[in-house]
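Working notes, structure below.
The values are calculated or read from the model by the stated rules, or taken from the named source; none is laboratory data. Small disclaimer: the values here were computed from a predicted structure and weren't measured. With ideal geometry, Cβ positions are generated from the backbone for all residues, glycine too; neighbour counts draw on all protein chains shown. What goes into the accessible areas is simple: the full protein's heavy atoms, side chains included, and nothing from ligands, DNA or RNA. Shrake-Rupley method; radii C 1.70, N 1.55, O 1.52, S 1.80 Å.
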Amino acid sequence: MGFIAELQERIEQLKRRRRAVILAHNYQLPEVQDVADFVGDSLELAKKAMQADADVIVLAGVYFMAETATILNPDKKVIIPNIKAGCPLAGFMNLGTIRKYRELYPKAPLVMYINSYAMAKYYADYIVTSSSAVKLVSKLDEDVILFGPDKNLASFVAEKTGKTVIPVPREGHCPVHEYLLDEYYVLKAMREHPNAKLILHPEVPPEARRHAHYVGSTSQMIRAVGELGGDEFLLGTEEGLVYRARKLYPGKKVYPVNPRAVCINMKKNTLLHIVRALESMKPVVKVDPRIAARIRETLELSFSMV
Ligand code: 13P
Ligand code: SF4
């Protein structure tokens, strides 16, 4: 038996012993996706975590995703395979920035992208994911909205809703989408695959986005492969999504816009980390119960609106 198959078998045994489920983000390594009970985007992972019939949730994703699962499941143990899997985009939102923009725009609601840490979510009026942002903002009465930390998603929401969406902070971005999926890579991929439909994530810059046939969350992007007509598709997001799309649609030709668009943090969760996490039941992701209670309310309100 090969190394990967051995580790996968060991994980299956440990899952049964611990009454654990593995929830994996769409960008996880192929061998991690294959051992997961569910693979999805941020909103789906949060919802699955709430429904999980298990004592332990292994969240194979980045830290803010595990933190969200903890907040929504005060009675379950949430483990992240590799505690070093952070998200540089989430790091753009800090307390000083929130205070500054709240003072500048006292009447504007603060809509927080789920790619943020608990400290920031605590101060949010609403919490959205890439799949729910447009829908939620369009339902708000206010026409001026504070939105962060992703400036590109903020501009996508502004475009789709016609509202004044102020990016908080001005320069928040995901380095993978901002630099490795910018207009250069999009135009190059379009030239190489002229018949392919272009499907992009809203974290890409607006100059790249204007070429897209469809823009959506990672799971919406996968569904678009099935729903848009045609046989060839270019996926403009972290390269891990291509594995999932090819697995779900073996009859279609799916290419990455840039095969080097890798989120190093997502790839920090290896099978070996999952084995060790399930053996040791560490590292457990914890959030102060008072902070968690307030964020849970905001998440439940926001989920009920979309
Ligand atoms: P999704 O919610 O679309 O899966 O996005 C998560 C993410 O981190 C995108 O970079
Ligand atoms: Fe964060 Fe970007 Fe990685 Fe998504 S791809 S987890 S936004 S760094």
Q. Where does segment 106-152 land on Rg(C-alpha)/(2.2 N^0.38 Å)?
A. 1.05
**Q.** Longest to shortest principal axis, alpha-carbon extents of segment 3-58, angstrom
**A.** 32, 25, 10
Q: Just the Kirkwood number for the chain, please: inverse of mean 1/r across all distinct Cα pairs, in Å, one decimal.
A: 19.7 Å
Q: Let me have the 222 nm mean residue ellipticity of the chain computed from DSSP H runs of 4+ only, each contributing -39500 (n - 2.57), with the sum over all residues rounded to the nearest 500.
A: -13000 deg cm²/dmol
**Q.** Two-site FRET efficiency, Arg99 against Met1, from Cβ-Cβ distance with R₀ of 51 Å, rounded to 0.05
**A.** 0.35
Q: Consider all pairwise Cα distances in segment 211-275 and report the whole-number % of them above 12 Å.
A: 70 percent
Q: Could you state the accessible area per residue of segment 1-141 in Å², with a 1.4 Å probe and every protein chain left in place?
A: 41 Å²
Q.
How large a share of the accessible area of segment 220-306, in percent, is made up of carbon and sulfur atoms when the probe is 1.4 Å and the other protein chains stay in place?
A. 53 percent
(Q) With θ taken as phi - 60° and the coefficients 6.51, -1.76 and 1.60, list the Karplus ³J(HN,Hα) couplings across segment 126-137 in order, rounded to whole Hz; mark glycine and proline as x. (A) 9, 10, 10, 10, 5, 8, 10, 4, 5, 4, 5, 4
Q: In debye, nearest 20, what is the charge dipole magnitude of the chain about its Cα centre with +1 on Lys and Arg Cβ and -1 on Asp and Glu Cβ, if you could check?
A: 480 debye
Q) Based on the mean of other beta carbon atoms within 10 Å per residue, what is the order of 193-201, 102-110, 157-165, 65-73, most packed first? A) 65-73, 193-201, 157-165, 102-110
**Q.** Rel. contact order, % - alpha carbon contacts under 8 angstrom, at least six apart, segment 79-146
**A.** 32 percent
Q: Compute the distribution of all C-alpha to C-alpha distances in segment 69-195, in bins of 10 Å from 0, and list the percent of pairs in each, rounded to whole numbers.
A: 12, 37, 30, 16, 4, 0
Q. If the limit is 29 Å between Cα atoms, which of Lys107/Lys160; Lys139/Lys268; Lys47/Lys139; Lys107/Lys267; Lys47/Lys84; Lys77/Lys121 go over it?
A. Lys139/Lys268; Lys107/Lys267
Q) Mean separation of Cα pairs under 8 Å and 6+ residues apart, divided by the residue count of the chain: what relative contact order is that in percent? A) 22 percent
Q | Alpha-carbon gyration tensor eigenvalues x 5, square-rooted, for segment 1-136, Å | A | 33, 14, 13
**Q.** Centre separation in Å (Cα based) which lies between segment 205-236 and segment 123-201
**A.** 14 Å
Q | segment 11-62 versus segment 289-306: alpha-carbon centroid distance in Å | A | 22 Å
Q) What list of ³J(HN,Hα) values in whole Hz, one per residue of segment 157-173 in order, does the Karplus curve 6.51 cos²θ - 1.76 cosθ + 1.60 (θ = phi - 60°) give from phi, with Gly and Pro shown as x? A) 5, 4, 4, 6, 9, x, 8, 7, 10, 8, x, 10, x, 4, 10, x, 7
(Q) What does DSSP give for the chain in terms of the percent of beta bridges that are antiparallel, rounded to the nearest 5? (A) 5 percent
Q | Residue-by-residue Karplus 3J(HN,Hα) for segment 258-271, coefficients 6.51, -1.76, 1.60, Hz, glycine and proline x | A | 9, x, 8, 7, 10, 8, 4, 5, 4, 7, 6, 8, 9, 4
